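First comes the structure, then the notes that go with it.
The values are calculated or read from the model by the stated rules, or taken from the named source; none is laboratory data. If you're wondering where the values come from, they're calculated on a predicted model, not measured in any experiment. All Cβ positions, even for glycine, are placed from backbone atoms using ideal geometry, and neighbour counts span all protein chains on display. Calculation scope for accessible area: heavy atoms of the full protein, side chains included, ligands and nucleic acids excluded. Shrake-Rupley method; radii C 1.70, N 1.55, O 1.52, S 1.80 Å.
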Amino acid sequence: MDPFPKEGEGAAAGESSRGAAPSSGVVVQVREKKGPLRAAIPYMPFPVAVICLFLNTFVPGLGTFVSAFTVLCGARTDLPDRHKCCVFWLNIAAALIQILTAIVMVGWIMSIFWGMDMVILASKY
């Protein structure tokens, strides 16, 4: 058992193995798994989402706080099995996390990304 094929053997073996395997046509589907906080971001109208992004950019957590009230006004989320009140409190919790960690810049960056996610979801809305 020689680990390296001899001259002439490798080419013939490679050609026969390539021709023997037909393409199977496998379809791969990728689905993003979201955590409860990320899934609680509401699908808002585009202008409201842009305002929330603007607020989150200059006052971390404020846009997320405003978006929590859109859930009570009927905005849908990716958490259909949870009650509106629970989703509202998840958004309030996200806003508080952003406000409290803004001191060390983590909350500010998180707040900006949260606002960008709101705009992306609104563009799909």
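Details
- Of all accessible heavy-atom area on the stretch 59-125, the percent that carbon and sulfur account for (1.4 Å): 76
- Heavy-atom accessible area per residue - the stretch 43-124, 1.4 Å, Å²: 56
- Charge tally around Ile97: other residues with Cβ under 15 Å, Lys/Arg +1 each, Asp/Glu -1 each, net 0.
- Dipole magnitude of the stretch 30-84, debye to nearest 20 (Cβ charges: Lys/Arg +1, Asp/Glu -1, about Cα centre): 160
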